Structures are given as structure tokens and as C-alpha cells.
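Single-structure report; data block below.
The values are calculated or read from the model by the stated rules, or taken from the named source; none is laboratory data. On a predicted model such as this, the values are computed, not experimentally measured, just so you know. Every residue, glycine as well, gets a Cβ built from its backbone with ideal geometry; the counts of neighbours run over all protein chains shown. Ligands, DNA and RNA are excluded from the accessible area calculation, which covers all protein heavy atoms including side chains. Shrake-Rupley method; radii C 1.70, N 1.55, O 1.52, S 1.80 Å.
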Amino acid sequence: MIFSKFFNKSSNLDKELDRNLLFAPNYLIREQKVNNNTQYIFGGHSIITIEQTQGKNVGLFFNRTRTSKSNKLNLNPKNELHLGFQTIAEVNYLILGTRQHLSHVKPGDLLEICFNDDSKINLTLESTDEKATVNKGYACNVRAKINAKELKHFQKKMMNTYKLRLNASGETVDGSFDKEFCQKFREVAQSYVFCLENYY
């Protein structure tokens, strides 16, 4: 990103991401080894880890993003879905997970995301890989495969509304995303694509 060259790397720039003022999503503050894996800390408040086994990259995932407190689709107060990205063996996923309460969303349900330019992405949800959930240490109840073009769409466009079609009940849940969250989530996608293209 063009803003990156105006900043110098410093250990004082990042204090556990709480006071970091650099919001350029593609500005790499630092990288560090964690066991056999490599973590990349970006200015957009994203920590991305590349999981490695015997020198091979086997997975790319977020440890934390600056949307961690706002990236929720509220079905009801006790059922919140968190959005994120994950790449396993070169297959990209949009992941949806809950921290405490299981949601009504199940594999086979349909998710439609509409963007500000009225373009849409339609996804079929599938169950997550159990090993991936255990290894990453976070809840990931369902996920949906996304191709490179769809991932780029999240990078370039801002989300607007969503529609969930729940097969079990026949219910359709409509809602909109908070504007601030949309801006931050686009930056998350920018950091993710940048790391995917340059390091993975």
C-alpha cells in the first residue's frame, strides 16, 4: 500500500494492537516465528498466521482482527455469528463462528451477501473441518468456499446487507451490516489477500 513507505518499523508502534495508530491494512509492522508457524502483524490491526508443516504452508488464518468486537450478524442476542477468512490447502473459505452459543445456522443453509454497488455473492454453508477448529483454537461452526474472484470482491467492495435462508425451519433472516464494520471488514480482506498473495 502506498502509505506504507511513510512509516518506519519500530517496536514502539505496536503495543498488543491496543494503541496502534497505523491503519493501513497492507502495512506489515512485523513478522515473528511461533513454533513452526509464522505470524504477520499488519497495521490494519490484523494478526495473520501461516501454519507450516515440514516446511510446507498448509493453512492461513486470522488470530485476531480489528473487527473482533463488531463483526457479528445478530440473529438474536444469544446467537452471534463472527465472520472471517481461512485458507486450507489453497482452498479459501469465508468462516462463520460463534464464541459461546450455538446459532441456528447449519450446514446446507444459504447465505446471500449484498454489497453497496448492489452486487451479490451467494454461498452454501458447509461444516467446518474438525481438525482445523481444534488446531486454530477458535470456534468455527460453518464455512463457505469462496473462489479468488469472490475473495477479491470482499477486498474491493463494502458489504451492505445479508440474507440467511435456514433449511431446517424454512425461515429467512434479513439484516444489514454496521457501516463502521463494513469499512473495517474490507480492510481485513485487504490484509488477508495481501498476505495470501505475498507470503502464502
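Just a few scattered comments:
- Where a residue in segment 189-200 is more than 11 Å from LEU28 (Cα to Cα) and its partner, wherever it lies, is among the polar types (S, T, N, Q) and in a helix (DSSP H, G or I), with Cβ under 8 Å and at least six apart: ALA189/GLN155; GLN190/GLN155; TYR192/GLN155; VAL193/GLN155
- Output for segment 164-181, where each listed residue is within 16 Å of LEU96 (Cα to Cα) and either open to solvent by less than 60 Å² (accessible area, probe 1.4 Å) or in a helix (DSSP H, G or I) (or both): LEU164, LEU166, VAL173, GLY175, PHE177, PHE181
- All conditions but one from (1) modelled with pLDDT of 90 or more; (2) buried (at least 18 other Cβ atoms within 10 Å of the Cβ) apply to THR128; the one that does not is (1).
- Members of segment 131-169 that are at pLDDT 90 or above and among the small types (Gly, Ala, Ser): ALA144, ALA148
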